[in-house]
Each structure stands twice: as structure tokens, then as C-alpha cells.
Amino acid sequence: MSNDKEIITILLVDDVAEVRESIKKMLSFEPDFKYVGGAGTGREGVQMAKELKPDIVMMDINMPDMDGLEAAKHISKALPATGIIMMSVQNDQDYMNRAMLAGARFFLAKPVDMDPLHNTVRSVFQTHVKPTKQMLERISASASTSVIEYSEDEGKLGNRAGHVIVVYSPQGGVGKTMLATSLASGLMKEGIKTLLVDSDLEFGDVGAFLDLRSQRTIVDAIEEVASLDDPDYFDSMVATHNSGIKVLLAPPRASIGMDLRQNQPHMVAEVIKQVRYFYDFVVVDASRQLDMLNSTLFEISSKIVLITQPSLTSVKNTRMVLALFEENGFTQERIAVVVNKGIEKPTNKIVPPIEKIQAYLKRPIEGMIPLVDDVLILSAINRGVPLIASDRDQNKTPLKQLHQLSDHLYATLMGEATEQKIKNTPQQQQPQKRGGVLGGLFGNR
Ligand SMILES: Nc1ncnc2c1ncn2[C@@H]1O[C@H](COP(=O)(O)OP(=O)(O)OP(=O)(O)O)[C@@H](O)[C@H]1O
Ligand SMILES: [Mg+2]
């Protein structure tokens, strides 16, 4: 439910005049909703959104001129706080994924009914529009503070590099957690601060991998997102591994995670945005869904480490994900494809060799972590250490390859950061780096 007297402004984009009329009527029953305009094409919708800056845009998908997905991309880029609700008769998964990647916050099936309409508008307003507006206000307020103050107070307000590395695969069990924990460890060089976030909200197992327990988890960080500008306070929410890595753990119960994923999916990214500049690297162990939660994480990422396995299904899925990223304007250098459980010289035809995978994906493989004896991994887990740190001999397989990968990521990302640090104040860095607080990702087209 919305708080008292908050007026939610709504723009409607649909090419069918009758649909606009009927939705306008449904909106008019609620005193806290204000219909600010209706557009008949995507292009007109983008123009009106930019002029009227509504809280909510209700957007049809199939329209002449510019379709709703394209229009949503423009709007989410220009107006990150605006909540876009997609409406379509096609409510299959593929459409929803596309809508989410285009920056939509919710999907309503057509014909639109009154109750879901009212609930959705309020929920998108409360969970997306309001927090994003507040955050933008805070950023612009702090941007006006002088540069000198920030450099004197180094670290306090967060002027580290803030690179977000999302470790992702559309498949389960491919080694996301193994790699995320290893990267977090491998990236922790001297003077470098790293945070590991377990965003697998239902089945997060970073805690189990690293033998960490904590009273406080990502749930607390989400609830108290407005207080995270104090690094010491945020520190009280993270667990510290004895190697020094800070970990923001997943919720204690799957039901809490499911609830968050459904009702506040963008909040994980919101938390990371608040704290990223307290760290040089934020490594995210992502879940495998191609949903709103992950799409907001992709949006804020500096790098997506896409894991694939040397099997035909895995490589095919990876190719599909790469195509989806490309359609949404992600540049190639944003994504690092890594083969895990790789086999150097496969002896049977079922396992494709690296060159074949590379050729099929039409892009270089940036890392190959060989398939190793499971005992090695299990013993690392039993001792609660990241695989990369499980043996003294760092030249041993797969420690060597894990180090090579983390060094490679370190070099590509930190080279850029050092330049940025000299040029910008921390607050200016944030919007400039990704070209926008929320919708920057889609600006690469
Ligand atoms: N290079 C490797 N060689 C051999 N086994 C591996 C390798 N990497 C990971 N594994 C094993 O694969 C299993 C899955 O690894 P992990 O839990 O990291 O995957 P995940 O992608 O996080 O899975 P989930 O989808 O359940 O979160 C583990 O049992 C781990 O021991
Ligand atoms: Mg996992």
C-alpha cells in the first residue's frame, strides 16, 4: 500500500485508443493515481516520458513506429527512476525476459484487470520508483560537496574502484560458487578491498563453501538500504572470512529469498550500488535465472563472467545468453567467457575441445579451469577455504588457472580504474562510468 498522500503519476503508451481509455478509467478510481498522458506510439511515448517525467510508464509491446521494448530501453536510460510496466498479450517467458532486459520492472498480461493493475502500479512505485529517486537525490546532494573533502576522508565515503563482477551461468552446478569465491580471494591483493555477495537468494551456498555464519545477511542490507552510506554500519552486516574477504550472505531461508526475488528483485543491485565504492571489487555469485534480479545485476556490472562447461547443451545455452546480451547492447569486453571443468585434450567426441567452443561462440575464451578431482574441491570446502587458496603450491592445476583468470580481470579492470580515479571525484565517477545510474547498460547500442 502506498503511504498517505503520495501521488503516483502515470503515462500510458498503447496504440489502441480504446485500451488507453479503459486503463485510464481503471486508474481514475484511485485517488493517489494521476494519469498524466497517453501516447499512441513508442516514439511518442519516449518523447512524452522525457517531458512529463512520470513515476510509472505503462507500455504496450506491439506498436507501430517504435515497439515497446525499444521505447522502454530509451526511457529506462533517460529516466532511471521511472518504473516501466510492460503490457502484452504474449506473456511467454521469452517476451518477459526481453521486457526485463529492456528495463521493464513488471509485466502485466493483457487484457489488464483492475486489481492487478492497481497493485502493480503501487508495488513498482514503492519498490523501484521511490528508492531510486531517493538514491538519485543523495547522489546529487553529495556531488555538490567539494572534492577536497572527499580526498581527505579517503575510503570513508567510498572512493575505491567499485568494480562489480557478476559470475553467471544459465545452468546450475557449473561452478559459479567455486569461481566466485576463488575470484574474490584472488582479487584481494595488497591494499585492495573485496566484497563477495551471494545473490543466489534461495540456494546461496557461499556460507557453506567458506564455512561462514552470520546473524545478518543481505536481507538486513535490503531493509536498511538507506543507512548504507555509512561503511562501518554496512560492515556490521557482512561476515568476514579469515582470509579477510568480506561476504554479504544470502538469506537464511529459501522462502525469504523467493519473496525478495518476486517482490523486490532490484534491491540486491540497489544495495550493491550503495556500497560498491567502499570496495575495489564486488564479486557477485549470481543465481541462474534470467530474471529481473539478474538483469539489474548485469546492468550495474563492470564485467560478467559467463561460465560454460564443455558440453553441447552448456555451450548452446551460453551462445543463447551471449546473443541476448548482444541484443541488449552489451559490449563484447563487458563479458568474459570462462570454461570450467575443461578438458585439455578430450579423448571422446562428446566433449568439445576449447577451439571448437571458441569457434561456436564466435568469441575468445578468457579462462579455462580444468576439470579436477572432486576431492580437491571437497577438501577445500571442508576446510572453508576458496579453491584458489587451498594449496601452498600456487602453480598446481587448477590454482594456476584461477590465478591467471583473476589476474587477467584485475589488470583489465584496474587499469581503467586508475585513470578514472585521477580524472574524477568519486561521485562523478558513478554516473559517468556506466552512463547512468540504472539504465546505463542500454546506452551502448
Ligand atoms: N573445475 C572443477 N573440476 C571439478 N569439479 C568442479 C569444478 N568446479 C566445480 N566443481 C564441482 O561442481 C559442483 C558445482 O560447483 P558449484 O557449487 O561451484 O556450482 P554452482 O554453479 O555454484 O552450482 P549451483 O547452481 O548449485 O549454485 C561442486 O560439487 C564442485 O565441487
Ligand atoms: Mg552456487
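The values are calculated or read from the model by the stated rules, or taken from the named source; none is laboratory data. Fair warning: this is a prediction, and the values are worked out from it, not measured in the lab. Counting neighbours? That spans all protein chains shown, and the Cβs are built from the backbone with ideal geometry, glycine included.
Consider Val238 carefully, then state whether it is modelled with pLDDT of 95 or more and on the phi < 0 side of the Ramachandran plot.
Answer is yes for this residue.
May I ask you to list pairs of residues, at least six apart or on different chains, whose Cβ atoms are under 6 Å apart, with the first in the stretch 75-89 being outside the structural domain of Ala99 (by TED's automatic domain parsing) and the second being surrounded by 20 or more Cβ atoms within 10 Å (Cβ to Cβ) and modelled with pLDDT under 90?
The qualifying pairs do not exist here.
Any residue in the stretch 48-62 that's in the same structural domain as His128 (by TED's automatic domain parsing): show its pairings with residues that are polar (S, T, N, Q) at Cβ separation under 6 Å, as long as the two are six or more apart or on different chains.
Pro54/Thr9; Asp55/Thr9; Val57/Thr82; Ile61/Ser88
Which one of these does Glu223 not meet: (1) under 27 Å from Gln264 (Cβ atoms); (2) more than 16 Å from ligand 2 (Cβ to nearest atom); (3) in contact (Cβ under 8 Å) with a residue 40 or more places away in the chain?
(3)
Can you find a residue that is part of a strand (DSSP E or B), touching a helix residue (DSSP H, G or I) at 6+ places or on another chain (Cβ under 6 Å) and in the same structural domain as Val284 (by TED's automatic domain parsing) anywhere in the stretch 175-191?
For the stretch 175-191, residues part of a strand (DSSP E or B), touching a helix residue (DSSP H, G or I) at 6+ places or on another chain (Cβ under 6 Å) and in the same structural domain as Val284 (by TED's automatic domain parsing): absent.
Suppose we filter Ile369, Ile377 for residues that are crowded, with 20+ Cβ neighbours inside 10 Å, over 19 Å from the mean Cα position of the chain (by Cα) and not in a loop (DSSP other than H, G, I, E, B); which single one remains?
Ile369
Restricting to the stretch 190-220, name every residue that is free of Cβ contacts under 8 Å to residues at least 60 places away in the same chain and hydrophobic (A, V, I, L, M, F, W, C).
Within the stretch 190-220, Ile218, Val219 qualify.
Are any residues in the stretch 102-131 surrounded by fewer than 20 Cβ atoms within 10 Å (Cβ to Cβ) and either in the same structural domain as Met292 (by TED's automatic domain parsing) or small (Gly, Ala, Ser) (or both), and if so, which ones?
If the condition is that a residue be surrounded by fewer than 20 Cβ atoms within 10 Å (Cβ to Cβ) and either in the same structural domain as Met292 (by TED's automatic domain parsing) or small (Gly, Ala, Ser) (or both), then Ala109, Ser123 are the ones that fit.
Give the residues of the stretch 320-345 that are out of contact with any Pro (no Cβ under 6 Å at 6 or more places or on another chain), aliphatic (A, V, I, L, M) and in contact (Cβ under 8 Å) with a residue 60 or more places away in the chain, sorted by residue number.
The answer is Met320, Leu324, Ala336, Val338.
On the basis of being within 16 Å of ligand 1 (Cβ to nearest atom) and in the same structural domain as Ser182 (by TED's automatic domain parsing), does Pro370 make the cut?
So Pro370 fits the description; yes.
What residue, among those in the stretch 171-204 that are surrounded by 17 or more Cβ atoms within 10 Å (Cβ to Cβ) and acidic (Asp, Glu), is farthest from ligand 2 (Cβ to nearest atom)?
It comes out as Glu202.
Quick test for you: out of Arg213, Arg276, Arg253, pick the one residue that is within 22 Å of Gly172 (Cα to Cα) and either more than 16 Å from ligand 1 (Cβ to nearest atom) or touching a Ser or Thr at 6+ places or on another chain (Cβ under 8 Å) (or both).
None of the others qualify; the one that does is Arg253.
Going through Ala336, Ala323, Ala269 one at a time, which residue ends up being surrounded by 21 or more Cβ atoms within 10 Å (Cβ to Cβ), out of contact with any helix residue (DSSP H, G or I) (no Cβ under 6 Å at 6 or more places or on another chain) and not acidic (Asp, Glu)?
Ala336
Take the stretch 80-113 and flag every residue that is aliphatic (A, V, I, L, M) and within 14 Å of Ser295 (Cβ to Cβ).
Scanning the stretch 80-113 gives Ile84, Met86, Met96, Ala99, Met100, Leu101, Ala102, Ala104.
Going through the stretch 279-307 one residue at a time, which ones are of a type in the set (Asp, Glu), surrounded by fewer than 23 Cβ atoms within 10 Å (Cβ to Cβ) and touching a Ser or Thr at 6+ places or on another chain (Cβ under 7 Å)?
Selection gives Asp280 alone.
Would you pick out the residues in the stretch 170-194 that are more than 6 Å from ligand 1 (Cβ to nearest atom) and of a type in the set (Ser, Thr, Tyr)?
Thr181, Ser182, Ser185, Thr194
Residues in the stretch 96-138 that are at pLDDT below 90, more than 16 Å from His266 (Cβ to Cβ) and assigned to a helix (DSSP H, G or I): how many?
3
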